[in-house]
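Data block below; observations after.
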Amino acid sequence: MANLPDKDKLVRNFSRCLNWEEKYLYVIELGNQLPPLAETDRRAGNLIAGCQSQVWIVLRDAGEGRVEFHGDSDAAIVKGLLAVVFILYHRLTAQQIIDLDVRPFFAELALSQHLTPSRSQGLEAMIRAIRSRAAQLA
């Protein structure tokens, strides 16, 4: 996550995008900044059901109650959305992840209204999976 901006910078960067195309390109750029996912983590247990694309998400205990995120997707925009979700949950505890509703952030970033229905469903599946896995760590 070292290459990814924090939540505040993410919001500022999105506000500088003049149109949806620029936001779309920025989301893809964020996805490209995710570190590669280990091949051992590309297994059925980490695959997210409900996404049209293949999406793998791994949550690990990072110590001091914090959760560490790893993930990947075979679709560039979905990988970027995954990066945005990881930014929003970064440095939170498992309980804070369970309690935080990130959906308003997607509305604030003006992403919600520009996603296709299948991508919106996939995003929702990613959020549910992260919260469920955080509950297992809590």
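The values are calculated or read from the model by the stated rules, or taken from the named source; none is laboratory data. The structure presented is a predicted model; accordingly, all values stated were derived computationally and were not measured. Cβ placement follows ideal geometry from the backbone for every residue including glycine, while neighbour counts extend to all protein chains displayed. Ligands, DNA and RNA are excluded from the accessible area calculation, which covers all protein heavy atoms including side chains. Shrake-Rupley method; radii C 1.70, N 1.55, O 1.52, S 1.80 Å.
Between T116, T40, T93, where does the largest GNM mean-square fluctuation fall for the chain, given springs only between Cα atoms within less than 10 Å?
Residue with maximal mean-square fluctuation among T116, T40, T93: T40.
Could you check the simple spin-label distance between I98 and L25, using points 7 Å along Cα→Cβ, in nm with one decimal?
4.2 nm
Residues in segment 85-102, backbone N under 12 Å from the label point at D61 (7 Å along the Cα-to-beta-carbon vector): list them, ranges by number please.
94
Leaving out ligands and nucleic acids, note down the accessible area per residue over the chain with a 1.4 angstrom probe, in whole Å².
On the way: 7300 Å² over 138 residues.
Computed with neighbouring chains in place, this is 53 Å² per residue.
Within segment 117-138, which residues have the backbone N less than 17 Å from the label spot 7 Å out from L47 along Cα→beta-carbon, could you tell me?
Only 122, 125-126, 129 fall inside the zone, counting backbone N under 17 Å.
With the cut-off at 1.5 for a/c, could you classify segment 44-111 from its C-alpha gyration tensor as rounded, prolate or oblate?
Taking the square roots of the gyration eigenvalues as a ≥ b ≥ c, segment 44-111 is oblate.
Leaving ligands, DNA and RNA out of it, report the carbon-plus-sulfur percent of the accessible area of the chain at a 1.4 Å probe.
Working: 3580 of 7300 Å².
Here it works out to 49 percent.
Grab the beta carbon distance between R91 and Q33, set R0 = 22 Å, and tell me the FRET efficiency rounded to 0.05.
0.85
Apply the a/c threshold of 1.5 to the C-alpha gyration tensor of segment 6-138 and tell me whether it is rounded, prolate or oblate. Walk me through the numbers on the way to the answer.
Numbers: a/c = 1.64, a/b = 1.32, b/c = 1.24.
It is prolate, given that a/c is not under 1.5 and a/b is the larger ratio.
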